[in-house]
Amino acid sequence: MGLMPAGASNPFSSVDQQTAFGTFKSSGTRDPDVLYAQKQTMLAPYTNLRRLAVIGGIIGGLFTITIFMAWFGIPCLIASWLLWRFQAKQAANIEAGYAQYLTSVSA
C-alpha cells in the first residue's frame, strides 16, 4: 500500500453522487477550503487509477504494435479502457455530489 495516499480508501470501491453528498454534508462546514480539501481526498485514489490506466494503455499499445505480444497487449488495452471509464465515472460522481452540496449550502 505504498502508493495509497494517506487516509484513502479502496480505489476499486464505487461512490455514487448521494454518498459523496452525504460525505460533504457530514463535514458540517461551509468553508470552501475545507470542502475542496475533502473533495481532493475523495478523488485521490481515482487519480492513481487514472495513472494505472494510462500506463496499462501505453504498455498494451506497445505490446500490440510488436505483433508477437498482441495476445497480451489487446487484453491489456481493454482492461485499461475499462479502468479509465470506471475512474472517470467515480470522479464525475464526486464532482456532482460536491456541486449538489454547494448549491444546497448557498440556498
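The values are calculated or read from the model by the stated rules, or taken from the named source; none is laboratory data. Not measured: the values here are computed from a predicted model. Don't worry about glycine lacking a Cβ; one is built from the backbone with ideal geometry, like all the others, and counts go over all protein chains shown.
Structure summary
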item	result
Conditions (1) farther than 15 Å from GLY97 by Cβ; (2) at pLDDT 90 or above; number of the one not met by LYS39	(1)
Among (1) in contact (Cβ under 8 Å) with a residue 12 or more places away in the chain; (2) surrounded by fewer than 15 Cβ atoms within 10 Å (Cβ to Cβ) - the single one ASN93 does not satisfy	(2)
